[in-house]
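Novice: The structure is given below, and queries will be raised subsequently.
The values are calculated or read from the model by the stated rules, or taken from the named source; none is laboratory data. These figures come from a predicted structure and were not determined experimentally. Backbone-built Cβ (ideal geometry, glycine too); neighbour counts: all protein chains shown.
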Amino acid sequence: MSEQTTMQEIQITDKAAAQVKKIMDENKIEPSFGLRVGVKGGGCSGLTYQLGFDGEQKDGDTIIEKKGIKLFVDGKSLFYLTGTILDFSDGLNGKGFIFNNPNASKTCGCGESFGV
């Protein structure tokens, strides 16, 4: 179990944190669960973002606690996500979570995949 505390860690906006809490409440997800944030190979730009709820930390995870939300991030994903800000948009262009990733050198039109 390690705690990431540098300025380069993943951040979460107030709007995204509120949406995660809302989803947890609506789906009766245990408060002990965290949000697993990760990347995997695929998508039109090479890597895709992943979000999901997880009840336990896995070996090699970094736990980041921000705004009442516990984030689980595996080591490989943290490499690609360091400095990322997780936001939420409910505007006219669509509703969903947005990854503002300073490591992405290219992104696809839908914003769900990226390359470095």
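Novice: Step by step: first the residues of region 70-82, then only those that are surrounded by 18 or more Cβ atoms within 10 Å (Cβ to Cβ) and hydrophobic (A, V, I, L, M, F, W, C), then the one that is nearest to Val20 (Cα to Cα). Which residue is that?
Specialist: Leu71
Novice: Filter region 83-106 for residues that are of a type outside the set (A, V, I, L, M) and buried (at least 17 other Cβ atoms within 10 Å of the Cβ) and give the result.
Specialist: Thr84, Asp87, Phe88, Phe97, Phe99, Asn101
Novice: Which of the residues spanning region 35-47 are more than 16 Å from Phe97 (Cα to Cα) and either part of a loop (DSSP other than H, G, I, E, B) or modelled with pLDDT of 90 or more (or both)?
Specialist: The answer is Gly42, Gly43, Cys44, Ser45, Gly46.
Novice: Looking at Gly55, is it at positive phi and surrounded by fewer than 16 Cβ atoms within 10 Å (Cβ to Cβ)?
Specialist: no
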